[in-house]
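One structure is given below, encoded as structure tokens.
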Amino acid sequence: MKKLIFTGMLLIFTLAFTKAQNRMSPDSNMFEKIKAQKISFFTEKLALTPSEAQAFWPVYNEFEKKRFDIQRQKHDFERMPDEKYDRLSDSEIETLTGNYIDSFEKEAMLLKEYNKQFLKVLPKKKVLLLYRTENEFRGHLIREYRGQKRD
């Protein structure tokens, strides 16, 4: 009887752990799904015409790739394990904090550069709306994630 209970508990634990892992690790299609959602969301919110969309998306995708690279550098710093953090010398700390601060400047310069490009491919009002739409989409993803978490 004890073996049966133990086996049942082990099975339940294994299933729960597997389900939790699947939720926490992004599947291979997750980024593609988000990208498709983003294209649809932005196209609708910005009311992009076919010619605007054709000119806008290559520029925006290039911008996003560069911004992602900069943000990944920040995240690497922010997620540094405590063991590594504790062993840093003063000069390493100075270098890391300088790089971290520089990443914000790089991101601002990137936005400034691409703002000019967005203004070339979209009407000014749509560029202004683009920045609001980015924040709305971020909120949309957060709400969607929270909804999935409750399920």
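In table form, for the structure just shown:
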quantity: So LEU130, is it within 24 Å of VAL59 (Cβ to Cβ), in contact with a helix residue (DSSP H, G or I) (Cβ under 8 Å, 6 or more places away or on another chain) and surrounded by fewer than 14 Cβ atoms within 10 Å (Cβ to Cβ); calculated: no
quantity: Residue in the stretch 69-85 that is modelled with pLDDT under 95, over 17 Å from ILE34 (Cβ atoms) and of a type in the set (S, T, N, Q) present; calculated: yes
quantity: Residue in the stretch 142-151 that is of a type in the set (A, V, I, L, M), assigned to a helix (DSSP H, G or I) and more than 22 Å from ILE34 (Cβ to Cβ) present; calculated: no
quantity: Some residue of the stretch 21-37 being at pLDDT 50 or above, open to solvent by less than 60 Å² (accessible area, probe 1.4 Å), on the phi < 0 side of the Ramachandran plot and not in a helix (DSSP H, G or I); calculated: no
quantity: Single residue of the stretch 66-93 satisfying the filter (assigned to a loop (DSSP other than H, G, I, E, B) and either on the phi > 0 side of the Ramachandran plot or not charged (D, E, K, R) (or both)) that is most open to solvent (accessible area, probe 1.4 Å); calculated: PRO81
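The values are calculated or read from the model by the stated rules, or taken from the named source; none is laboratory data. The shown structure was predicted, so the numbers you read here are calculated from the model rather than taken from an experiment. Methodologically, a virtual Cβ is constructed for each residue, glycine included, from the backbone with ideal geometry; neighbour enumeration extends over all protein chains shown. When the accessible area is computed, the model is the full protein with side chains, heavy atoms only, and any ligands, DNA or RNA have been set aside. Shrake-Rupley method; radii C 1.70, N 1.55, O 1.52, S 1.80 Å.
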